[in-house]
Amino acid sequence: MARRPQPTLLPVPDPEASPAAVLPMPTPIPTPTPTPQVTSAASRSLLAKLLLERREQVLDAWVQAQARKLARDSGRRPDADVRAECEALLDALQSAVASDSIHVKSPEYVEVTRLVDFMSMDRARQGYSPTETAIAVFSLKDSLLGVLEEVCGDQPELLVDEIKKMNALVDDLGLQTFEAYVAGREEVIVSQQQSMLALSTPVVKLWDGILALPLIGTLDADRTQTVMENLLQAIVDTESRIAIIDITGVVTVDTSVAQNLLKTVAATRLMGADCIISGVRPQIAQTMVYLGVELGDVVTKATLADAFQVALRMVGADVASVGRI
Amino acid sequence: MAETTSPVEGAAVRPGTYPIVSDDDVVQFRHEVRAAALAVGLRLIDQTKLVTAASELARNALEHGGGGLGEIGPPETAGRRGVRVIVEDDGPGIADLGLALTDGFSRDNGMGLGLPGSRRLVDFFDLWSEVGVGTCVIIEKWAL
Amino acid sequence: MARIPILKLGNNLFVTVQVDVDDQLASTLQDDLMTQIVATGAKGVLIDISSMEIVDSFLGRMLAQIASMSRILDAEVVVVGMRPPVAITLVELGLSLPGVRMALNVDRGIAMLGEALTVGGGRDGGDHVAG
């Protein structure tokens with residue numbers, strides 16, 4: 001079991017309170033004092049102040065550092081949009097740092113991580129490797145280092161402190177680009193898998209009001225989801241009353257396959273259609289009985305042809321009874 | 001055929017916290033979860049599953065937890081795009097967690113909490129509960 | 001307080017459930033339906049849920065209850081228009097609503113209610129085998 005992240009209990013909110021009253025007052029950014037003793041709170045806002053006051057300088061240096069690294073490593077020239085992308089990220093970073101948080105996972109950094117994720121996927125699309133994108137983000141360090149040295153070169157303790165914080169922050173951002181890249185690739189893979197699943201579970205219209213779904217291979221959890229989605233949509237599109245699910249091509253019918261079949265039958269029934277399961281071999285019948293799988297009212301037939309006969313009868317009977325009203 | 005939706009350019013899940021102390025709050029919370037799912041570009045089936053799961057949890061908090069709080073935000077699972085929903089209450093807590101989470105598919109485990117069902121609807125499910133203290137459930141649905 | 005309207009057409013009652021149903025509204029609908037079945041002597045109830053994007057376990061159980069109670073009052077209930085994502089989600093929740101008759105759309109639903117009114121109810125046993 002999970003444990004709750006914070007041990008503090010939340011009070012039940014007062015339904016009378018207006019949302020506006022609940023927002024906290026923004027804390028003012030303290031200006032760094034010229035005294036040699038500097039508190040850590042003021043140090044964080046030094047970075048924020050620099051990002052604000054030296055914005056153009058930081059941005060230019062960063063874009064140049066990226067261009068240098070890119071040319072050196074792969075002989076490429078950066079896209080014209082790079083500057084705009086970096087500008088947006090710097091602005092978001094400035095707001096986040098100014099909020100006195102340096103944790104990339106905190107809510108203050110939502111906009112920053114969103115832009116980093118977007119940058120990562122955008123660059124992947126342009127043909128950058130994930131390493132190149134990460135290096136581009138890491139090169140922000142060169143730019144910020146330069147500015148920090150200028151501003152507090154004469155206060156070595158403050159300089160070291162600031163460099164540590166800045167370093168940790170940019171490292172997190174660089175790593176974020178990798179995570180985003182991996183997640184992006186996974187999305188592509190899963191979406192391709194789903195397309196393949198959809199292609200391999202075709203729904204065929206046998207007759208007016210009768211659909212057939214020949215299953216081949218396995219009927220695992222993912223496949224079942226695709227099958228249900230395709231079949232139910234087909235029922236809506238064709239206004240079918242019967243769905244014949246043929247399991248001749250399903251190699252193993254164990255408990256989970258049987259449950260997935262029953263799930264599909266149940267979902268079909270909720271759409272006002274009935275299922276007939278065909279291709280039930282004697283061994284399957286035996287397995288189901290041994291496993292205690294209850295098929296209930298579901299009609300089962302040995303062959304698709306038999307199932308089709310039954311289906312025609314069912315559909316034919318409907319037409320006759322409607323005519324009687 | 002499976003439909004694909006692409007996320008609205010530049011959209012993200014705006015974090016929000018919502019009280020759950022009345023029937024209307026549950027309906028409202030469903031709307032907010034739906035809006036978040038739409039903003040992130042979840043497929044319709046995934047939107048439906050997420051909102052339904054959130055509805056189950058919100059109702060639990062209201063009926064068994066004496067009212068609670070719902071939060072909506074981006075996932076915390078590394079690199080995942082999607083929606084994270086947290087529902088927590090200071091209610092009596094769940095005495096038998098094992099029973100509450102027993103996944104007997106066609107069997108309602110009798111606790112009426114719908115937790116195994118909600119768990120099947122989402123990609124990430126985490127639960128904390130302590131008798132006399134409260135319950136907190138965290139779920140995530142990812143854009144895949 | 002808002003109520004879901006119930007229409008009477010012939011021997012049947014018609015209900016169209018809107019999108020946002022909170023628990024209170026659902027309970028009120030159940031009460032109103034039972035009252036109306038008795039008051040009008042209706043033999044059929046058609047519940048159109050084609051606008052519902054979300055049906056959670058509470059609403060699912062409510063539909064099942066309405067069907068059971070109506071049957072006791074000698075009326076048949078048909079629920080029509082369940083959307084595919086809703087059907088898949090309900091089944092995943094473990095709710096297959098076995099006691100509730102379902103139809104794809106209003107036309108089919110009316111046909112089913114008509115069938116239920118024939119002597120003996122249900123389809124006749126005649127064989128209409130093609131070819």
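The values are calculated or read from the model by the stated rules, or taken from the named source; none is laboratory data. Here the structure is a predicted model, which means the values were calculated and not measured. When we count neighbours, we look across all protein chains shown, and the Cβ atoms used for this are built from the backbone with ideal geometry, even at glycine.
Things to note:
- The numbered conditions (1) in a helix (DSSP H, G or I); (2) crowded, with 22+ Cβ neighbours inside 10 Å; (3) modelled with pLDDT of 95 or more are all true for B:Leu69 except (1).
- On the stretch given as segment C:52-68, residues that are farther than 17 Å from C:Thr28 by Cβ and more than 12 Å from the chain's Cα centre (by Cα) total 5.
- From the options A:Gly272, A:Gly316, A:Gly323, residue that is closer than 23 Å to A:Thr238 by Cβ and either modelled with pLDDT of 95 or more or part of a loop (DSSP other than H, G, I, E, B) (or both): A:Gly272
- Test set (1) out of contact with any Pro (no Cβ under 7 Å at 6 or more places or on another chain); (2) closer than 13 Å to B:Ala53 by Cβ; (3) modelled with pLDDT of 90 or more - B:Glu140 fails condition number: (1)
- Once segment A:190-218 is narrowed to residues that are more than 22 Å from A:Val236 (Cβ to Cβ), hydrophobic (A, V, I, L, M, F, W, C) and surrounded by 12 or more Cβ atoms within 10 Å (Cβ to Cβ), the residue that is farthest from the other protein chains (Cβ to nearest Cβ) is A:Ile216.
- Among all residues of segment A:164-180, there is at least one that is within 14 Å of another protein chain (Cβ to nearest Cβ), closer than 30 Å to A:Arg54 by Cβ, among the polar types (S, T, N, Q) and surrounded by 14 or more Cβ atoms within 10 Å (Cβ to Cβ).
- Some residue of segment A:246-260 being at pLDDT 95 or above, within 14 Å of chain C (Cβ to nearest Cβ) and under 34 Å from the mean Cα position of the chain (by Cα): no
- Single match in B:Glu88, B:Glu56 (criterion: assigned to a helix (DSSP H, G or I), touching a Phe, Trp or Tyr at 6+ places or on another chain (Cβ under 9 Å) and charged (D, E, K, R)): B:Glu56
- Some residue of segment B:92-115 being hydroxyl-bearing (Ser, Thr, Tyr), surrounded by fewer than 23 Cβ atoms within 10 Å (Cβ to Cβ), part of a loop (DSSP other than H, G, I, E, B) and modelled with pLDDT under 90: yes
- Within segment C:99-109, the only residue that satisfies the criterion of being under 13 Å from A:Ala266 (Cα atoms) and facing another protein chain (nearest Cβ under 7 Å) is C:Met102.
- Close pairs (7 angstrom Cβ cut-off, 6 or more residues apart or separate chains): over 21 Å from B:Ala61 (Cα atoms) in segment B:29-40, surrounded by fewer than 18 Cβ atoms within 10 Å (Cβ to Cβ) anywhere: B:Ala39/B:Val8; B:Ala39/B:Ala11; B:Val40/B:Pro7; B:Val40/B:Ala11
- The one condition from (1) outside the structural domain of A:Glu85 (by TED's automatic domain parsing); (2) more than 21 Å from C:Met102 (Cβ to Cβ); (3) modelled with pLDDT of 90 or more; (4) in a helix (DSSP H, G or I) that A:Asp237 does not meet is (2).
- Residue identified as without any contact (Cβ under 8 Å) to a residue 12 or more places away in the chain, away from chain A (no Cβ under 14 Å), out of contact with any Leu (no Cβ under 7 Å at 6 or more places or on another chain) and not hydrophobic (A, V, I, L, M, F, W, C) among C:Asp22, C:Asp56, C:Asp32, C:Asp74: C:Asp22
- Number of the exception - B:Leu44 against (1) at the interface with another protein chain (Cβ under 7 Å from one of its Cβ atoms); (2) within 12 Å of the chain's Cα centre (by Cα): (2)
- Inclusion of C:Ser96 among residues that are at the interface with another protein chain (Cβ under 8 Å from one of its Cβ atoms), within 15 Å of the chain's Cα centre (by Cα) and surrounded by fewer than 22 Cβ atoms within 10 Å (Cβ to Cβ) is warranted.
- Residue, nearest to A:Asp172 (Cα to Cα), within segment A:109-137, restricted to residues that are away from every other protein chain (no Cβ under 14 Å) and crowded, with 19+ Cβ neighbours inside 10 Å: A:Val137
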